[in-house]
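Rule-based calculations on the coordinates, nothing more; no lab input. Since the structure is predicted, the reported quantities are computational estimates derived from the model, not experimental observations. Cβ placement follows ideal geometry from the backbone for every residue including glycine, while neighbour counts extend to all protein chains displayed.
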Amino acid sequence: MGPTCSVRPAAAEDAEALARLHLECWRETYAHLLSPGFMAGQGVEGRLAMWRHLLAGPHAARHFVAVDGGRLVGFAGSLPPEDGVREQTELWGIYLLASHQGRGLGQALLDATIGHEAAALWVAEDNPLAQAFYQRNGFVFTGARDTIEDWEGLPELRMARPAP
């Protein structure tokens, strides 16, 4: 990870930095999958509202940030099983700036966020690096597919990891 890198729980005061980071990571991750017009239409405001809600809610403790020299460079979040909503933990997101990938921070974020518990996630169909990362961590494709209509019909695949 490096001497200046660490992972810690996200805090309410991180919301603004997280919103900006989320957008930056999202643009790096999906620029090759979504149109320039779509990407240009994405703003920080919606993500700021989302992060304020998440970090003030009952599952705030399930969100972590990667920090390098005081600067947020990644994050991960999960939601616990909930009757009628989720059968198992959902890893809803794990993002790391491209400049900080390959240093162990993604692994540290995953470990902090879900440990070794059973979990499921959705991953973009055309994101082989993320898919390989999840496979190294015990996730397998379930065969379920979906599209995110609001994201120009972006296809995604379901992956899950059983309990140890």
Just checking my list (i) 0.98; (ii) 1.04; (iii) 0.94 against Rg/Rh (Cα atoms, Kirkwood Rh) computed from this structure; which label fits? (iii)
State the answer as a single residue: which of Ala120, Gly74, Leu23 lies farthest towards the positive end of the charge dipole of region 5-161, with beta carbon charges of +1 for Lys and Arg and -1 for Asp and Glu, about the Cα centre. Gly74
Table column - 3J(HN,Hα) (Hz), region 144-155, Karplus curve with 6.51, -1.76, 1.60, x for Gly and Pro: 6, 10, 7, 10, 9, 4, 5, 10, 6, x, 4, x
Taking the Cα centroid of region 1-35 and of region 94-164, what is the distance between the two, rounded to the nearest whole Å? 15 Å
Starting from 0.36 nm per residue, how many nanometres of slack lie between Gln42 and Glu24 once their C-alpha separation is accounted for? 5.5 nm
